[in-house]
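Read through the structure below, which is laid out as structure tokens, and then see the notes.
Coordinate-derived values only; no laboratory data. What you see is a predicted model, and the numbers here were worked out from it, not measured in a lab. No Cβ is skipped: glycine too gets one built from the backbone with ideal geometry, and neighbour counts run over all protein chains shown.
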Amino acid sequence: MLETELLQWTSAVHTRIRFILLFGLLICAGCAKTKSTDELIADLKSGTERDRIIAVRLLPQRTVDAAKIVPVMIDCLKDKQGDVRLSAAIGLGSFGEEARLAIPDLQAAENDRDVRVRRAAGVALSRIDPKLPPKTDPFKRRSK
């Protein structure tokens, strides 16, 4: 009787181990689906807001491709969705001096209709060039 209980216990343990290994394998299979920089840039031209937001938030992590990413992030500052513009401003700031090309567009974004974008543009400008004078009141919309 002791042998039968031991065999059942061993079988149950092996089943659990197999389940855990299979579960881990399925999780790892999903991890391999990271998009390339070019695929993310293509997503920025997508008609769906969700794809654009995901792409604009992931691209700043690709610092090695800054020369390719900064120009498309600048274009995102003109997106119709505020969350995309906000994420683009934050992302450009994360590139620091490598995003100097974005200074004029970020200065224009300081007049955005969305206060979050205006504030993020000001922070981005201070990270790109700390010598630039800060906007006096990011909460007040400037006239053009």
### Task
Would you mind checking the radius of gyration and Dmax of region 55-108 based on alpha-carbon positions, in Å?
9.7, 28
### Query
Gain in length, Glu5 to Arg62, computed as 0.36 nm per residue apart minus the alpha-carbon separation, to one decimal in nm?
15.0 nm
### Burial ranking of peptide ranges 71-84, 42-55, 116-129 (average Cβ count within 10 Å, highest at the top)
116-129, 71-84, 42-55
### Message
Can you return the aspartates and glutamates within cross-link range of Lys80? Criterion is Cα-Cα under 13 Å, with same-chain partners fewer than 8 residues away left out.
### Response
Glu49, Asp112, Asp114
### Query
Which three extents, in whole angstrom, do the alpha-carbon atoms of region 40-144 cover along their principal axes, largest first?
36, 27, 17
### Separation in nanometres of the label points that stand 7 Å from Cα toward Cβ, at Glu39 and Asp51
1.3
### Query
Quick one: length gained pulling Gln81 to Val123 fully straight, 0.36 nm per residue minus the C-alpha distance?
13.2 nm
